[in-house]
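Asker: Supplied in C-alpha cells, the structure appears directly below.
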Amino acid sequence: MLERRQDVEEDGVVLRHVRKPIKHDSGVKHVTGRATYIDDIPEPEGMLHVSPVLSEIARGTVKNIDLSAAKSAPGVITVLTVSDIPGANDVSPISGDDPLFADGDIEFHGQVVAAIVSETRLVGLRAAALIEVTYDEIDPVLSPRDALVDDTTILPDYAFGQGDADAALAASDTILSGSLSIGGQEHFYLESQAALAVPGEDRDIVVHSSTQHPSEVQHVVARVLGIPDNAVTVEVRRMGGAFGGKESQAAHWAAMAALAADITGRPCKVRLDRDDDMRATGKRHDFVVDYKLGADTNGVITGLDICYASRCGYSADLSGAINDRTMFHTDNAYYLPAAHILSKRMKTNTVSNTAFRGFGGPQGMLAIETAVERLAALRGEDALDLRKRNFYSNGRDITPYGMRVEDNIIADLVDGLEETSDYRARREEITAFNESSMVLKRGLALTPVKFGISFTTKHLNQAGALVHVYTDGSVYLNHGGTEMGQGLFIKVGQVVADEFGIDLDRVKISATNTTRVPNTAPTAASSGADMNGMASRIAARTIRDRLAEYAATLFDVPVSEIAFHDNHVFGGNQTMTFGELAKSAWLARISLSSTGFYRTPKITWDRESATGRPFYYFAYGAAVSEVIIDTMTGEMRVEKVDVLHDVGRSLNPAVDIGQIEGGFVQGMGWLTTEELVWDEKGKLLTHAPSTYKIPVASDVPEHFKVHIWDGGGNREETIYRSKAVGEPPLMLAISVHCAIYDAVRASAPEGAVPMLHAPATPEVILTAISSVNAA
C-alpha cells in the first residue's frame, strides 16, 4: 500500500505541486520555437490576407478615396471600407467612439481608412500603397499641454481626496512645487497584433485572436457583423506577450479579419508588421503632473495638491479606469493626511492610449516618489529616511480614497531590504566616491511599492472555469484566463492537480475558448491567478467531493477518511487508483464534470461618492538600485539592483521570480531608454526597433538579486494565500529613476533641488544637471 509522504496539507489537500518551482508549461516550446501563435496556425485552404491602409495625416477629413487601382491589382479580392460593415462601425470597449474604419473624419496619424483583402500578404501590402486618399488637413492637438490650452478632454475631470489640502499646505513649514513630465511606453510584445477568422454555416465564425480578453473580442466581432454573440467563438491558446496592449485593442484586428471572412466566405488573417502595429495601436499614457507638497519641520508630509493631465488620444478606450488608478496610487506607501488629487483626461490627435502593465499606477507612484526625492534634496537628507517617516502606520492608515490599509507590511519589508542590501554602507561609499569624482557621479535609491489588487471596475472581478474528469483519470481544465507568457496556465494547473491528488501531466491545460467559459473578464489587473485559480479549484473540488462521497460508500468509511494523493484515493486500509475510481464512478452514474465560478469579495468602490474599498488587498515590494552617470554626456549605467518582493505564499516561486525580473526590466526601460517621439504633424517617429529602444541584455546589471519576501502569506483568502505578481514588480524600477536623481543631485550645488523628467534619457539627465547648475 502506498504511504503518504510528509507533504504540506491545507484544507484537506496534499500540496505536491502548489508552491513548487515547476517550469512553465510552454517553456520548452518557447525556447525551441515550437510554441504555436496565431501566425503559426496551419493556414486553412483558401485563406486570404487582410492588410490595413493607414491615414497619413493626424487630423482632418477625407475628401476622396480612390480604390480603383488597388481593386484591379492582380491577387486582390476586395477592398473593405466603412460602407462594407453590416453592423456597427465600432470596436471600442466602452464608449462607442472607436471606429473600425474612419468614416469621413481622421483623428490620428495611422488611423485605418480601408483594408485590402488579397491572396497573399505581399500582394496586400503592395496594393495598399496604390490607394489614393486626399484630405482636408487641420492642425492637430498632440500633447497634454496643448490639449490643456485648447481645453479638449475625452472624459470629464475627476477628483477625490481627504482633509483640507489648501489649509494643510498653508500651515506647512515647507512647500515644494513641481511640474513633472512622464513619458509613455510602447508595449513591444514580440507577437504583433494578429487574428485568424474562419467562417462557418449560418454566418457563424471562429476567431483565433491574440487577445487578453476573448469575451470582449466576441462582443466586438458580433457588433461589427450584426450577429448575436452566440454566433462568434473566440479561441486563444497563447499570446507572444501583451502587457495590456491586447486587452481592448486586439478587438480591432479580430473584427477586421472577421469582416473579411464574413464577406468573402473564406478564412482571413490579419497580422500587423511592427511599424504598423506601433503606429496604429495605443501606448502607456504619458502625463504632465503639477503639484504642491507640504511638510512639517521633520519632513512628514502634511498636504498634497496634485493635478494629472494625461494624453488619452482620440478615443476613450480604457482611459477612465487607467487615470483613476493613477489617482489611487498617488499615495504609494505614504500617508497623506490632507490631499486633493485631480485628473484631467485630455483628448489629442494621437492613437488612443490603452492599458499597460500597471494600468496607470506607475505614473501615480513616480509622481509621489519624484516629489519625495526633491523634498529630501531640499532638506539635505537621505531620501530613504524621509520615506520611512512617511510610511503608513497604525493610526495613519487611511488612503486618500477612504480605504483603510489593513495589511501593511511595508516598514518591515523595507527594513529587511535595507539590511540585506547593505544600504547604509553603500551610501557612505557612494558619498565618498562622489566627493572625489568630478565627472562621474553615482546614485543610490531604495523605493517602496504598495499596489492595489483588483479591477476597480467592480463587475470585472469574476471568473469561471470548466473541469472534466475522464474515465481514465485524466483531467481537462479550461478557464477564462489567457496565457501571455506569464505562467497563468501552469499555476492553475498546479492547483487542479493537487485538488485531485494526481500528477501535473495528467491535467490537460486547454486553450481559452468562449464556448467553454462564457462572459469572462480580461486577464489583467494582476488578477489572473487569483480569480481563475479560485474558479478552477471550485470546479475541481465539486467533482472531488462527489468522488469522495462515492469512494466512502465503496470503502465503507466516513467521507472524512477519504484522501486523494499520489494518483490514488485512500479510505481506511483500502485504496484504488484515481483512474479506477473515475471509471467506477462513471459506471455508477456520478457526474465527472463541473463548472466553477468565483467573484472577488469585499469590493465596494462607489466612484461617484469616491468611497468604499476598490482593492481586495495590496501587494508590496521594494528595490535598491545603484547607477552611475557621466555628467558631461548624460550617459547612465545601472550597476546594481536588489529586490525584495511580496507575493504572499507563492504558487510557483520560479514563475514569480521570472515575473519580478521581467517587470523590473520593463519598468527600467520605461524610465530610461524608451522614448516616444511624434513630429509636429502627429506622425510617430519612433515606430520600429531602429528608433525605439527597449532594454537589452547588456542593460541588465550582473548584480541583479531578486528575493521573495517570506512574510507569512496573504491575510485575505486568496488561492492558497498567494498574491498577484504581474504588475507590481514593474514599479520597483522607479528606484532606478530615483537613483539617477540621486546622482544628478550629487552633481548639483548643495541645497539645489533638481527636476528629473521621465524617461531619463542622456538628454534629460544633461538638462537636469545644466538647469540646476544654471539656477
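Asker: Where the accessible area of segment 190-236 is counted over protein heavy atoms with a 1.4 Å probe, how much of it, in %, is carbon and sulfur? Before the final figure, lay out each step's value.
Answerer: On the way: 760 of 1530 Å².
On segment 190-236, the fraction of accessible area on carbon and sulfur atoms equals 50 percent.
Asker: First obtain the Kirkwood hydrodynamic radius of segment 616-659 from its Cα pairs, then insert it into the Stokes-Einstein equation at 37 °C and 0.692 mPa s, and state the resulting D in µm² per second as a whole number. It would help to have the intermediate numbers written out before the result.
Answerer: Details: Rh = 13.1 Å.
It comes out at roughly 250 µm²/s.
Asker: Going by average Cβ density within 10 Å per residue, which order do the peptides 402-410, 532-540 take, highest to lowest? Write down the numbers at each step before the final one.
Answerer: On the way: 402-410: 18.0, 532-540: 26.8.
So the order, starting with the most tightly packed, is 532-540, 402-410.
Asker: Roughly how many debye, to the nearest 20, is the charge dipole of the chain about its Cα centre, given +1 on each Lys and Arg Cβ, -1 on each Asp and Glu Cβ, and no other charges? Could the numbers behind the result be given before it?
Answerer: Values: 72 positive and 104 negative charges, 233 e Å.
The dipole of the chain has a size of about 1120 debye.
Asker: Quick one: net charge of Gly485's neighbours, Cβ under 10 Å, K/R +1, D/E -1?
Answerer: On the way: positive: Arg238; negative: Glu191, Glu483.
That works out to -1.
Asker: Can you tell me which lysines have their Cα less than 28 Å from the Cα of Lys347? Leave out same-chain residues fewer than eight positions away.
Answerer: Lys63, Lys246, Lys283, Lys292, Lys458, Lys681, Lys683, Lys693
Asker: Here's a follow-up. Would you mind computing, in nm to one decimal, how far apart the modelled labels at Ser83 and Glu419 are, each placed 7 Å from Cα along Cα→Cβ?
Answerer: Reported label-point gap for Ser83 and Glu419 is 7.5 nm.
Asker: For every other residue with a beta carbon closer than 14 angstrom to the beta carbon of Gly178, add +1 if it is Lys or Arg and -1 if Asp or Glu, then tell me the sum. Before the final figure, lay out the partial values.
Answerer: Numbers: positive: Lys292, Arg374; negative: Asp290, Asp305, Glu369, Glu373.
Once all neighbours under 14 Å are counted, the net charge is -2.
Asker: Return the FRET efficiency for the residue pair Val31, Ser474: r is the Cβ-Cβ distance, R0 is 30 Å, and the value is rounded to the nearest 0.05.
Answerer: Details: r = 27 Å, r/R0 = 0.89.
Efficiency for this residue pair is about 0.65.
Asker: Further, regarding this structure: Take each of the peptides 251-260, 424-433, average the number of other beta-carbon atoms within 10 Å over its residues, and list them starting from the highest. Don't skip to the end; give the middle numbers.
Answerer: Working: 251-260: 28.8, 424-433: 13.4.
Packing order, densest peptide first, comes out as 251-260, 424-433.
Asker: Something else about it: What percent does the relative contact order of the chain come to when contacts are Cα pairs within less than 8 Å and at least six residues apart? List each step's numbers first, then the result.
Answerer: On the way: 1924 pairs, mean separation 117.9, N = 775.
15 percent.
Asker: So what is the relative contact order of segment 192-329, in percent, for Cα pairs below 8 Å that sit 6 or more residues apart?
Answerer: Numbers: 212 pairs, mean separation 33.9, N = 138.
After rounding, I find 25 percent.
Asker: Here are some values of Rg and Dmax of the Cα atoms in Å: [x] 27.4, 87; [y] 28.8, 124; [z] 41.8, 126. Which one was computed from this structure?
Answerer: Step by step, Rg and Dmax of the Cα atoms in Å for this structure corresponds to label [x].
Asker: For Val28, what accessible surface area do you get with a 1.4 Å probe? Give it in Å², rounded to 10.
Answerer: 70
Asker: What's the FRET efficiency of Glu56 with Leu125 using the Cβ-Cβ distance as r and R₀ = 22 Å, to the nearest 0.05?
Answerer: Details: r = 16 Å, r/R0 = 0.71.
According to the calculation, E is roughly 0.90.
Asker: When the accessible area of segment 435-539 is split by element with a 1.4 Å probe, what percent falls to carbon and sulfur?
Answerer: Working: 1520 of 2880 Å².
With neighbouring chains kept in place, the figure for segment 435-539 is 53 percent.
Asker: Once you put a point 7 Å from the Cα of Asp630 and another 7 Å from the Cα of Phe433, both along the Cβ direction, what distance in nm separates them?
Answerer: Simple spin-label model gives 1.6 nm for this pair.
Asker: When we measure straight from the Cα of Lys450, which lysines land under 16 angstrom away, once same-chain ones fewer than 8 places off are left out?
Answerer: The reachable lysines, counting only those whose Cα sits under 16 Å from Lys450, are Lys388, Lys723.
Asker: Only bridges whose two residues both fall in segment 258-362 count here: according to DSSP, what percent of them are antiparallel, nearest 5? Show your work: numbers first, answer last.
Answerer: Working: 9 of 18 bridges.
If I count the DSSP bridges inside segment 258-362, around 50 percent turn out antiparallel.
Asker: At 0.36 nm per residue, minus the direct Cα-Cα distance, what do Glu608 and Ser72 gain on full extension? Give it in nm, one decimal, please.
Answerer: Computed gain between Glu608 and Ser72 is 187.4 nm.
Asker: Where the eigenvalues come from the Cα gyration tensor of segment 169-254, what are the semi-axes √(5λ) of the equivalent ellipsoid, largest first, in whole Å? Could you put the intermediate results ahead of the total?
Answerer: Values: eigenvalues 358, 51, 17 Å².
Semi-axes from the Cα gyration tensor: 42, 16, 9 Å.
Asker: Measuring from a point 7 Å past the Cα of Thr553 along Cα-to-C-beta, which residues in segment 581-599 have an amide N at less than 13 Å?
Answerer: 584-591
Asker: Mean separation of Cα pairs under 8 Å and 6+ residues apart, divided by the residue count of segment 545-669: what relative contact order is that in percent?
Answerer: Values: 116 pairs, mean separation 14.4, N = 125.
It rounds to 12 percent for segment 545-669.
Asker: Tell me, what ³J(HN,Hα) does each residue in segment 552-568 have, in order and in whole Hz, if you take phi through Karplus 6.51 cos²θ - 1.76 cosθ + 1.60 with θ = phi - 60° and put x for Gly and Pro?
Answerer: Karplus-based 3J(HN,Hα) across segment 552-568 equals 4, 6, 5, 8, 6, 9, x, 4, 5, 8, 7, 9, 10, 5, 6, 6, 10 Hz.
Asker: Ignoring ligands, DNA and RNA, what accessible area per residue does the chain give at 1.4 Å, in Å²? Before the final figure, lay out each step's value.
Answerer: On the way: 28200 Å² over 775 residues.
Accessible area per residue: 36 Å².
Asker: Also, I was wondering about something else. Going highest first, how would you order 485-494, 505-514, 331-340 by mean Cβ packing within 10 Å? Walk me through the numbers on the way to the answer.
Answerer: On the way: 485-494: 25.8, 505-514: 19.1, 331-340: 23.9.
Going by the mean number of other Cβ atoms within 10 Å, highest first, we get 485-494, 331-340, 505-514.
Asker: Something else now. Carbon and sulfur together cover what percent of the accessible area of segment 603-703 at a 1.4 Å probe radius?
Answerer: Details: 2030 of 3850 Å².
The nonpolar share, carbon plus sulfur, comes to 53 percent.
Asker: If you take every DSSP beta bridge whose two residues both sit in segment 636-762, what share of them, in percent to the nearest 5, is antiparallel?
Answerer: Details: 2 of 8 bridges.
Around 25 percent antiparallel, to the nearest 5.
Asker: Over the heavy atoms of Thr211, what accessible area does a 1.4 Å probe trace out, to the nearest 10 Å²?
Answerer: Counting only protein heavy atoms, the figure is 0 Å².
Asker: Simple spin-label model, 7 Å along Cα-to-Cβ: Ser584 to Ser95 in nm?
Answerer: Going by the 7 Å Cα→Cβ label model, 6.2 nm.
Asker: Sticking with this structure for a sec: Before rounding to the nearest 500, sum -39500 (n - 2.57) across all DSSP H runs of length at least 4 in the chain and divide by the residue total; then give [θ] at 222 nm in deg cm²/dmol. If you can, show how the numbers build up before the last one.
Answerer: Details: 19 runs with 225 residues, N = 775.
Theoretical 222 nm ellipticity from helices: -9000 deg cm²/dmol.
Asker: Which of the lysines could a cross-linker bridge to Lys441, judged by Cα under 20 Å and excluding same-chain residues fewer than eight apart?
Answerer: Lys640
Asker: Enumerate by residue number the GluC sites (Glu not before Pro) in segment 562-646 meeting two conditions: DSSP loop (anything except H, G, I, E, B), and at most 15 other Cβ atoms within 10 Å of the site's Cβ. Could you put the intermediate results ahead of the total?
Answerer: Numbers: sites: Glu580, Glu608, Glu626, Glu635, Glu639; in loops: Glu608, Glu635.
Answer in residue order: Glu608, Glu635.
Asker: Give me the net charge of Gln574's neighbourhood, meaning all other residues with Cβ under 12 Å from the Cβ of Gln574; Lys, Arg count +1, Asp, Glu -1. Can you show the working numbers first?
Answerer: Details: positive: none; negative: Asp556, Glu561, Glu580.
Charge balance near Gln574 sits at -3.
Asker: Through the Karplus equation 6.51 cos²θ - 1.76 cosθ + 1.60, θ set to phi - 60°, convert the phi angles of segment 270-279 into ³J(HN,Hα) values in whole Hz; use x for Gly and Pro.
Answerer: Values, residue by residue: 10, 8, 6, 7, 4, 5, 5, 4, 5, 6 Hz.
The values are calculated or read from the model by the stated rules, or taken from the named source; none is laboratory data. Keep in mind the model is a prediction, meaning the values are calculated, not measured. Using ideal geometry, Cβ is built from the backbone for each residue, glycine included, and neighbour counts are taken over all protein chains shown. Areas reflect the complete protein model, heavy atoms only, side chains present, ligands, DNA and RNA absent. Shrake-Rupley method; radii C 1.70, N 1.55, O 1.52, S 1.80 Å.
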